[in-house]
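Just below is one structure, and these are the notes that go with it.
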Amino acid sequence: MPDISLRRIALLGCGAMGTRIARAIDSGGINAVLTHVYDQAPERSKGLVDSLKTKPIIVENTHLLSSNNTNLVVEAASQDAVKDVALSVIQNKKDLLIMSVGALLDEAIFEVLADACREYGRSIYLPSGAIAGIDALRAVRGELESVTLTTTKNPRSLSGVPYIEQSGVDLGSLDGPAEVFAGTAADAVRHFPANINVAALIDVACAGGGSTKVRIVADPSIDRNIHEVRASGGFGSMIIRVENVPDPDNPRTSLLAALSAIERIRGLCSGGIMAG
Ligand SMILES: NC(=O)C1=CN([C@@H]2O[C@H](COP(=O)(O)OP(=O)(O)OC[C@H]3O[C@@H](n4cnc5c(N)ncnc54)[C@H](O)[C@@H]3O)[C@@H](O)[C@H]2O)C=CC1
Ligand SMILES: O=C([O-])CC(=O)C(=O)O
């Protein structure tokens, strides 16, 4: 049940997604105020704050985001940021919304955070991000026999990933679709930390323990970030497919991911009737 007293928000990460979230709050579309921000790149936090009507305080490090009277810390930074700060946010009795969900496929981290949420009575929210149907997958998790995620992106949305460079695939010379990864969700988020958080979301929803099957395909002929989940089991079967427009400020990230975060924050801050 959402806590409608959530009104003061701190933001970790002022990149493509963090900027959209901050602007949605600043525009008055969410019943909340952005009180504090932090980014390890100081020019990012300053650039964001300069562009906002209501100026949040720029803090000196991640931990200061939860050492004030905010209710909710929103993470839109990186898996490393989650590993660094998530536990202290919960210990400081703040709720936490995580977008770099891949961090949770480290079993030790998941268990520590789950225990801390119980002990301190706080919640960690994982918006459905760049995928859809997370609620349905969670509902049928006890009946699942098979789940596979296939993610297809333009090579420019996959550039700079050491795993691809080491595997000898030359993204620049592809003239058709090429599989660049096949394996488990746990390995996918390790090798593609900024590209496949959706695999972690699906795996957490299905209680897969990191074992959900994942394929990543580079296809120079497409300009969308496409995620397709095929699931089957005792409930029947489902195919969930999204064809996402990439965020113009970060082609790895889909616009839907930021919109999903904003909608989740809006719901947490307003209560009322909510679908899904
Ligand atoms: N859950 C989902 O469906 C999706 C999740 N994501 C993830 O959400 C996160 C945000 O995405 P974008 O805004 O597009 O990325 P971005 O690269 O545009 O921005 C990330 C910002 O966080 C900052 N940052 C990174 N590590 C940090 C740390 N340890 N401490 C403080 N600041 C740090 C960077 O300097 C940068 O300004 C990424 O981890 C991305 O992989 C992206 C798309 C979908
Ligand atoms: O935004 C997307 O399409 C997917 C993505 O980067 C992620 O899951 O990390």
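Mean sequence separation of contacting Cα pairs (under 8 Å, at least six apart), scaled by the length of the chain, corresponds to a relative contact order of 21 percent. Lysine pair count for the chain with Cα-Cα distance under 27 Å and sequence separation of 8 or more or different chains is 11. Spin-label pair D50-N68: with each label point 7 Å from Cα along the Cα-Cβ axis, the two points sit 2.0 nm from one another.
As a fraction of the 1.4 Å probe accessible area of region 134-245, surface on carbon and sulfur atoms comes out at 46 percent.
Once backbone amide H atoms are built at 1.01 Å from N, V73 has A10, D95, L96, L97 as its partners under 5 Å, excluding neighbours fewer than 5 places away on the same chain.
Charge dipole (Cα centre; +1 on Lys/Arg Cβ, -1 on Asp/Glu Cβ; no other charges) of the chain amounts to roughly 820 debye.
For F192, nonlocal amide neighbours, meaning residues 5 or more places apart or on other chains whose placed amide H falls under 5 Å from its own, do not occur.
Its DSSP H runs of at least 4 residues, each contributing -39,500 (n - 2.57), put the calculated 222 nm mean residue ellipticity of the chain at -9500 deg cm²/dmol, to the nearest 500.
The ellipsoid equivalent to the alpha-carbon distribution of the chain has semi-axes of 30, 22, 17 angstrom, derived from the gyration tensor eigenvalues as √(5λ) and listed largest first. The DSSP beta bridges internal to the chain are antiparallel in roughly 50% of cases. Between F181 and I216, the built amide H atoms are under 5 Å apart, and every one of these is 5 or more places off in sequence or on another chain. The phi-based Karplus calculation (6.51 cos²θ - 1.76 cosθ + 1.60; θ = phi - 60°) puts the 3J(HN,Hα) values of region 56-65 at x, 7, 8, 8, 8, 7, 4, 5, 6, 5 Hz, whole numbers, x for Gly and Pro. With the biggest extent put first, the Cα atoms of region 134-245 measure 43, 24, 18 Å across the principal axes.
For the pair N61 and R156, a Förster radius of 35 Å applied to the C-beta separation gives a FRET efficiency near 0.60, rounded to the nearest 0.05. The trypsin sites (Lys or Arg not before Pro) found in region 25-71 that occupy coil by DSSP, while having at most 11 further C-beta atoms within 10 Å, are K53.
Residues of region 134-245: accessible area per residue at 1.4 Å, in Å²? Heavy-atom accessible area per residue stands at 47 Å².
At full extension, V33 and E143 could sit 35.5 nm farther apart than now, given 0.36 nm per residue minus the alpha carbon distance. Two numbers describe the Cα atoms of region 189-267: Rg and Dmax, which are 13.8, 42 Å. If you run the Gaussian network model on the chain, springs between alpha carbon atoms under 10 Å, then out of G18, G129, G160 the most flexible one is G160. In the context of the full set of protein chains, residues of region 1-114 present 44 Å² of accessible surface per residue (probe radius 1.4 Å, heavy atoms only).
The values are calculated or read from the model by the stated rules, or taken from the named source; none is laboratory data. No experiment lies behind these values; they were computed from the predicted model shown. Cβ: placed from backbone, ideal geometry, glycine included. Neighbour counts: every protein chain shown. Just so you know, the surface numbers come from the protein's heavy atoms only, side chains and all, with ligands and any DNA or RNA stripped out. Shrake-Rupley method; radii C 1.70, N 1.55, O 1.52, S 1.80 Å.
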